[in-house]
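First comes the structure, then the notes that go with it.
Read-outs: derived from the displayed coordinates by stated rules, not from any lab. Keep in mind the model is a prediction, meaning the values are calculated, not measured.
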Amino acid sequence: MLGLQLAFNPGALLSLGSGATWLLTLLGVAATAVLIIGATRARTTGWAAGIGLILGGAIGNLIDRLFAPPAFGRGHVTDFLAY
């Protein structure tokens, strides 16, 4: 059912919202800020580690959105899972 295949996703889940990549970039910036605040306020190491893992994914997607083609702030996220 799942395999590895290089793909570039212009939208969110299943390429939904591919026409509003600038909005997804803004949401990524906001989510990253909220996750950083949440990680600094976490009361246990487990919560901080969990938020850190999610934050790593959010930052990776944000870097793709900002710097990947076709344009700054409208980049396509690199995916590797094919269904």
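A few comments on the model shown:
- When shorter helices are ignored and each DSSP H run of at least 4 residues is given -39500 (n - 2.57), the per-residue value for the chain at 222 nm works out to -18500 deg cm²/dmol.
- Per residue, the average separation of C-alpha pairs within less than 8 Å and at least 6 apart gives region 20-73 a relative contact order of 42 percent.
- Kirkwood hydrodynamic radius over Cα pairs of the chain, then Stokes diffusion coefficient at 25 °C and 0.890 mPa s, in µm²/s: 181 µm²/s
- Its Cα gyration tensor gives region 21-69 an equivalent ellipsoid. The semi-axes, each the square root of 5 times an eigenvalue, are 24, 10, 6 Å from largest down.
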